[in-house]
Structure formats: C-alpha cells, structure tokens
Amino acid sequence: MTWTQAPLYVSGMLCMFVFLAVWLGTKKGWRTVGSPILVILMTAVAANTGLIPTATQGHSVYASVFVYLAPMGIFIALLEVDLRSLKHAGAPILQMFCIGATGTLIGVFVAWNLVQPAVLIGPLAHAVAGMYTGTYIGGSINFNAIALNYQVNEHADLFAATTVVDNLIGTPWIIATLILPKYLQKIYPRKKRLPDPSFAKAMKSNEPINIQSLVGIFGLALLAMAFSKLLSTWLPSIPEILTLTTIALILAQIPVVKHLKGAHTLGFFIILIFLATVGTLCDLKTITSLGEVAGTLIWFVVIMVLVHGFVIFGIGALLRMDWDIIAVASQANVGGNTTALAAAESLERPDLLIPGVLVGSLGNALGTYAGFMVAGMLG
C-alpha cells in the first residue's frame, strides 16, 4: 500500500476537499456552481491525477462512506424538513414545484420509451430511472438513497457513469434557469409575485451546535439505521433506506427533535463527504470504456430534463406565472435546496430564498418515494 492509499490520508483529503469546496462556494462567481458540484469536480480531478485513489479500485474508506455515512447523512439532513412550514412558501411556488415534479415524471417515462435504456444497461435500468426521478424531483439525497437500496454503487462503472451524466446535464440546466427568466421577462413581462410577507425572515448562515444536540442527532441516526436494518431482515420487501427516510420525516415533526441544533450543518457535511467520494468514481478511463452505455444515459437524462423544462416553463407561461418563481421551483426539483437557494440569490430575489429552500425540502421528502415508485413500475 502506497502512502496515497493510506486510510487516514484518504479520509483527511476528502475532508480538505469539502473544506475547499465550501470556501469556494462562498465566493462570487462560484456560488452559482455550488459546493456540492465543486467537491465532485475536485475529487474527480484528484482521483484521475493520482492524488487520491479512484473508488473503482475498491478502497476501504470509500466502502465505509457508502455503507455507513451516506445513509446517516440522508437521515440527518431530513431532520430539518418541517412539513408544516411549507404553507409559508406560498401557493405560487408550491404550485410550480408540483408542476415541475409532474414534468419530471412525464420526462422519465418519455425517455424510457424513446431511449430504451434496458437494452444496454440491463437489469439495473429501472433502478437508474428511479435514481434520476428522485434527483430531479428532490436532489442528490434521493439519487443516492435509491442507488444505495438497489446497490447500484457496487457496480462502480455504472454508478460513476450515472453520477457524471447527472452533473453533466444538471449543471447546464442550472445555468439555463438563471438566464431564461431575465430574457423571458423582457419578451413576455410578468408581474413579480411575492411570498407570504409574514414569513420574510433571513436565512441563518451559521448554525450553533452543542454537545446535547450533537449526541442526540447521532444517537437518533444510529438507532434509526439499526432499526431500519433490523426491519429489512424481517420484511425484505421494504427497502431499508425507505424505512430510514420515513423515520427521519416523522421525527422531524416532533418539537424536541426540531430543537436539536446542528442537523443542517452535520447532514450537509456528511453528504458533502459522500459527494466527495462520488467524485472519485469519475474514473475517466472507466467511463470512456463504457461507450454506448454513457451515450444512452446522456440521451435519457437530456430528454428527461427537456420535458421537465417544457412542462414547468410552458404551463407557467400559460398561468402567467412570475418567471423567477418558475426558475427557483425548477431548481428545487432538479438540484434541491442548494441550487434553489443559489438561483434565488443569482436572480436577486431574496424574497424567494426561504420559499425555495422549503419546496426543496418538500422535494427531499418526496423524491425517494417517487424514485422507488418509478423503479417499481419499470422493473
């Protein structure tokens, strides 16, 4: 074992790449890209240049991240989803979010029939369709939850390809949704709609963490993971990650759990570590060897996103909806909380920060269920 493969070195480098990505994500010009995409790009470059090993080499640190940290990050991140607070997001953005989610569902079935991915991808094609459904309704949390359940991550080549294609298509759509509203507003002016003014409070940029909250959050996460694993042995038909998601959403509505401080920070940190590991799956030698499979995935996702875009912007136009609201709602679907937040900031709509995050949380709550539904229907 070389020193670049030592577990402590690899673990430390993953943390440092997360640190750099978060730091860069606060700088002008990088905010639109966002720390989740930045950390994937950084570790992808590092893995392909030999600074750290690629995940396709089967490193023990990466395996531990997939088995333990990823489910824990999903659970902790979902502890901040207050379903009752969604009423404050306002009817317009909730309406457009639901229309966007419907567009994603239509898109996945259109893409499935046009591209026929099962021909090249094989028996995991339905799982891949479910992963893309989950991520383009909620975000990367849902993508990874479905991948872990169907063990797509154990097929390193395929998982690397699905991840790369997701970022390859998702990033241009982020840029498109930031550009479209400005031009559409000039061509087809729309009245700016504001959310509920009684909920116009600022986002917290820093979140305090204390020892009581820390042990409470980790204790709940470990116990929920243990129970989910136990239940899956009794009832194998119920996906382990689905049980974990449900427990998290139930606990998130309990006052004592809501008062635990640090769920957002801890959950986001663990998810960024997971995404850093995902970046190491982007082994260019492996991906280029996939050939037609990579091309199939690209066409599948392009069709999905285009259908989503036509549905949400088309129906939004018919409803004479505020273009900014449409863009933020689309980003809440395609990228989740982080890109919805980035979209609101980039469009200079601070009034849409909280609503964007709230509907992004709704996507996190629903995306996994939608992904499993699609995977079940196509499997």
More than 27 angstrom apart: percent of Cα pairs within the stretch 240-379: 37 percent
All-pairs alpha carbon distance profile, the stretch 86-143, 5 Å steps from 0, percent: 4, 18, 21, 21, 16, 8, 5, 4, 2, 0
Stretchable slack from Tyr9 to Leu214, in nm (0.36 nm times residue separation minus alpha-carbon distance): 71.2 nm
Listed peptides 247-257, 117-127 by packing density, highest first (mean Cβ within 10 Å): 117-127, 247-257
CD proxy at 222 nm, helix term only [per DSSP H run n ≥ 4: -39500 (n - 2.57); per residue of the chain; nearest 500]: -23000 deg cm²/dmol
Cα point-scatterer Debye curve for the stretch 1-147, base-10 log of I(q)/I(0) at q = 0.11 Å⁻¹: -0.62
Net charge, Val152 excluded, C-beta distance under 15 Å - Lys, Arg +1, Asp, Glu -1: -4
Cβ-derived FRET efficiency at R0 45 Å, Tyr183 paired with Ala226, nearest 0.05: 0.30
Cβ-defined net charge surrounding Ile254, 14 Å radius [Lys, Arg +1; Asp, Glu -1]: 0
Exposure rank, largest accessible area first [Ser228, Ser140; 1.4 Å]: Ser140, Ser228
Ratio of the Cα radius of gyration of the chain to 2.2 N^0.38 Å, where N counts its residues: 0.94
Accessible surface ranking that places the most exposed of Glu348, Glu240, Glu154 first, with a 1.4 angstrom probe: Glu348, Glu154, Glu240
Segment Ser289-Leu120, extension gain: residue separation times 0.36 nm, minus the distance between their alpha carbons: 59.5 nm
Local electrostatic count at Leu120 - Lys and Arg +1, Asp and Glu -1, tallied over other residues with Cβ under 13 Å: -2
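The values are calculated or read from the model by the stated rules, or taken from the named source; none is laboratory data. Treat the numbers as computed from the prediction; the structure is a model and nothing was measured. Every residue, glycine as well, gets a Cβ built from its backbone with ideal geometry; the counts of neighbours run over all protein chains shown. We work out accessible area using only protein heavy atoms, side chains counted, and drop any ligands, DNA or RNA first. Shrake-Rupley method; radii C 1.70, N 1.55, O 1.52, S 1.80 Å.
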